[in-house]
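Input: a single structure, listed below in structure tokens.
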Amino acid sequence: MADQAQIPLWPDNPTAEDLLGFSDVAEPIVDALKRDRLDPVAVGISGDWGAGKTTILEIAKAALEGDTSIVVVYTRPWEYDPATDPKATLIGEVLGAVERRTEERDGGLGDLKDRFIDLGKRVRWSRALTLAAKTAVTFSPPKFEEIADLFVTEEGDAAADPTLQGFRDDFAQLMGDIDEITRVVVLVDDLDRCLPESVIGALEAIKLFLSVEKMGFVIAADERLVTHAIATRYQGATQADRMAREYLEKIVQIPIRVPALGESDTEAYMALLLVHHHLFSEVDEDEAQRRFTTIVEHCAAKRAASARRVLEDLPDDLVPAPASEEVALSSQLAPLLAAGMSGNPRKIKRFLNAYWLRSDIARRRAVTLEAPAMAKLLFLEQVEPEQFDQLLTWLAAGNLKSKLKELEEAEDATGLGATESGLWTWARQRPHLADEELGPYLRLAASLKSMPGASTDLRSELQELLERLISDVSATRDQAQTEALALPPGDKSELVKEIVRVIQTEPGRQDDASDSLKALADGDERVATALAGALAGLDASIIEPGLIIRLQDLEAMQSVIAQWLESGRLGEIAEKAARSAVDDGKA
């Protein structure tokens with residue numbers, strides 16, 4: 001295991017270095033942007049969160065910037081000032097980039113200067129009018145100096161035209177007169193993070209004001225989220241979703257979907273991340289870069305040859321010896337992660353970060369488990385948490401080994417129970433775990449999750465019931481409450497005490513938990529007394545108003561609520577709920 005300082009951890013930053021094999025996607029986009037016949041052109045890159053849209057943009061950006069006749073504008077509309085017009089902000093970015101490039105030529109702007117100034121006035125007016133309109137609604141007008149600054153040019157002249165009317169024609173003529181610029185490419189990233197108003201504003205800027213000759217656009221976003229944002233404009237229409245899709249289709253001529261990583265590319269991606277860490281930690285930077293570039297090019301060549309495994313035949317001297325074991329781990333994990341995480345690069349990176357942190361914690365707590373086994377368990381914990389909880393239940397019941405053995409030896413899921421069949425595919429994956437000593441690791445994992453089922457003395461059937469009583473699914477809780485109400489008072493008292501322990505370790509779950517506490521204690525004095533005794537030991541600062549409101553009718557809770565109120569540690573809203581309960585005589 002690596003020392004603490006050497007634990008591989010990766011930031012969530014995109015890169016123009018192609019670790020995903022996405023150059024094959026970016027290169028046709030660059031080719032389309034450079035074609036004269038496609039003028040103007042808009043390309044849409046669609047993909048889920050973390051699929052690699054920004055990586056494709058970065059690769060395209062690096063390729064486009066190598067051509068001095070192309071102006072590249074990289075923009076993120078979700079970062080725009082919400083007080084200003086998103087259309088004007090995007091138009092202003094594009095106009096500013098073109099003006100800066102024109103200034104670089106011999107002789108500067110020349111006779112184009114006045115035309116840039118005129119177009120700039122329109123943008124400043126649009127921003128000012130939007131700002132004035134918004135502040136009029138909120139009754140918080142900006143300072144006079146702020147408005148005045150927006151309404152004048154740098155030379156002090158008052159802006160002439162208070163609208164963007166005519167901008168497109170003037171901008172088109174200006175672009176036609178700048179011979180040294182063959183294309184302005186606007187790369188729009190993270191549009192799906194924006195509020196609907198900004199989504200529509202950015203798209204309107206592209207369609208209504210900037211779509212002239214020499215312009216190209218690449219819009220990277222989750223198409224579903226953008227369509228949903230556009231649909232808000234058609235609220236009330238019977239076919240709002242269809243109208244929103246058609247709106248987007250009129251803007252984007254070339255739609256491209258980011259490909260999910262297959263098993264081979266998932267393996268290669270993980271291996272490249274790990275090799276990069278070791279190379280740049282252990283080798284001179286120039287030599288590390290040389291080797292890593294060679295490895296990336298090797299993978300690209302293998303992909304081009306449709307090789308099943310892109311890391312095959314990699315020269316041994318390129319990979320540092322300490323990385324070899326981790327590269328092998330990539331091969332073992334690839335089948336699980338490619339399927340379970342839908343080939344999503346960001347999810348895979350987050351899993352690797354979680355794995356290395358978990359393995360380091362395990363090392364510090366003297367929990368020993370081979371890397372493949374730990375990774376397999378962590379995968380289940382992250383991707384199928386309910387099934388991971390089942391392992392904890394089996395551990396507490398003392399039948400974990402026999403259950404895993406049954407799953408690993410079953411040829412198919414036929415004949416297995418509903419719970420076991422859900423775990424069958426995972427259990428059959430290598431490495432098999434039935435003969436491993438999993439207890440120390442599972443107890444560590446349960447403590448890090450604050451899972452009550454692994455550390456409580458409840459009987460196994462009560463542990464399973466406890467998990468359902470605090471579920472965030474109301475139907476699951478309702479069914480569990482019905483079952484719990486049929487139990488003897490002693491069992492119900494133990495359950496409410498365990499639920500209170502959950503609230504103590506995970507205060508954010510008390511809304512769901514308090515629902516079950518109310519159901520179990522209502523009408524049963526013994527259970528209500530046990531509940532009040534357990535809650536009396538909680539720090540009032542973590543108590544939420546919903547718990548007070550749900551439990552205030554229980555007689556046993558009256559003194560506890562009064563105690564919380566007297567402590568002065570309740571939050572503002574919780575204090576109001578407690579005071580109301582006391583004033584009404586409920587506490």
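A few points about this structure:
- Residues of the stretch 417-437 satisfying the condition of being open to solvent by less than 40 Å² (accessible area, probe 1.4 Å) and under 19 Å from PRO385 (Cα atoms): GLY417, GLU420, GLY422, LEU423, TRP426, ALA427, LEU433
- Flag if LEU187 is open to solvent by 40 Å² or more (accessible area, probe 1.4 Å) and touching a residue at least 24 places away in the same chain (Cβ under 8 Å): no
- Whether a residue is at pLDDT 80 or above, under 26 Å from THR425 (Cβ atoms) and in a helix (DSSP H, G or I) was assessed, and ARG358 passes this test.
- Selected residue (only one of VAL582, VAL560 is among the hydrophobic types (A, V, I, L, M, F, W, C), at pLDDT below 90 and either surrounded by 20 or more Cβ atoms within 10 Å (Cβ to Cβ) or more than 18 Å from ALA528 (Cα to Cα) (or both)): VAL582
- When VAL502 is tested against (1) closer than 25 Å to LEU462 by Cβ; (2) open to solvent by 60 Å² or more (accessible area, probe 1.4 Å); (3) not small (Gly, Ala, Ser), exactly one condition is not met: (2).
- Hits in the stretch 563-579 - residues which are assigned to a helix (DSSP H, G or I) and either open to solvent by 60 Å² or more (accessible area, probe 1.4 Å) or of a type outside the set (Phe, Trp, Tyr) (or both): GLN563, LEU565, GLU566, SER567, GLU572, ILE573, ALA574, GLU575, LYS576, ALA577, ALA578, ARG579
- Considering each residue of the stretch 58-65 in turn, at least one proves to be in a loop (DSSP other than H, G, I, E, B) and either touching a Cys at 6+ places or on another chain (Cβ under 9 Å) or open to solvent by 10 Å² or more (accessible area, probe 1.4 Å) (or both).
- Any hit, the stretch 41-56, residues being in contact with a strand residue (DSSP E or B) (Cβ under 9 Å, 6 or more places away or on another chain), surrounded by fewer than 19 Cβ atoms within 10 Å (Cβ to Cβ) and assigned to a helix (DSSP H, G or I): no
- Applying the criterion of being of a type in the set (S, T, N, Q) and touching a residue at least 12 places away in the same chain (Cβ under 8 Å) to the residues of the stretch 267-324, the residue that is nearest to TYR355 (Cα to Cα) is SER281.
- Test for GLY340: is it open to solvent by 20 Å² or more (accessible area, probe 1.4 Å) and on the phi > 0 side of the Ramachandran plot: no
- Residue in the stretch 81-92 that is aliphatic (A, V, I, L, M), touching a strand residue (DSSP E or B) at 6+ places or on another chain (Cβ under 7 Å), modelled with pLDDT of 90 or more and open to solvent by less than 50 Å² (accessible area, probe 1.4 Å) present: no
- Checking ASP511 against (1) assigned to a helix (DSSP H, G or I); (2) out of contact with any Lys or Arg (no Cβ under 7 Å at 6 or more places or on another chain); (3) surrounded by 22 or more Cβ atoms within 10 Å (Cβ to Cβ); (4) not polar (S, T, N, Q), the condition it does not meet: (3)
- Filter result for ALA307 (surrounded by fewer than 21 Cβ atoms within 10 Å (Cβ to Cβ), at pLDDT below 80 and more than 30 Å from ARG443 (Cβ to Cβ)): yes
- Given (1) closer than 22 Å to ASP478 by Cβ; (2) among the charged types (D, E, K, R); (3) without any contact (Cβ under 8 Å) to a residue 40 or more places away in the chain, number of the condition GLU498 does not satisfy: (3)
The values are calculated or read from the model by the stated rules, or taken from the named source; none is laboratory data. Everything quoted here is computed from the prediction, not taken from an experiment. Here the Cβ is made from the backbone with ideal geometry for all residues, glycine too, and neighbour counts use every protein chain on show. Only protein heavy atoms, including side chains, enter the accessible area calculation; ligands, DNA and RNA are left aside. Shrake-Rupley method; radii C 1.70, N 1.55, O 1.52, S 1.80 Å.
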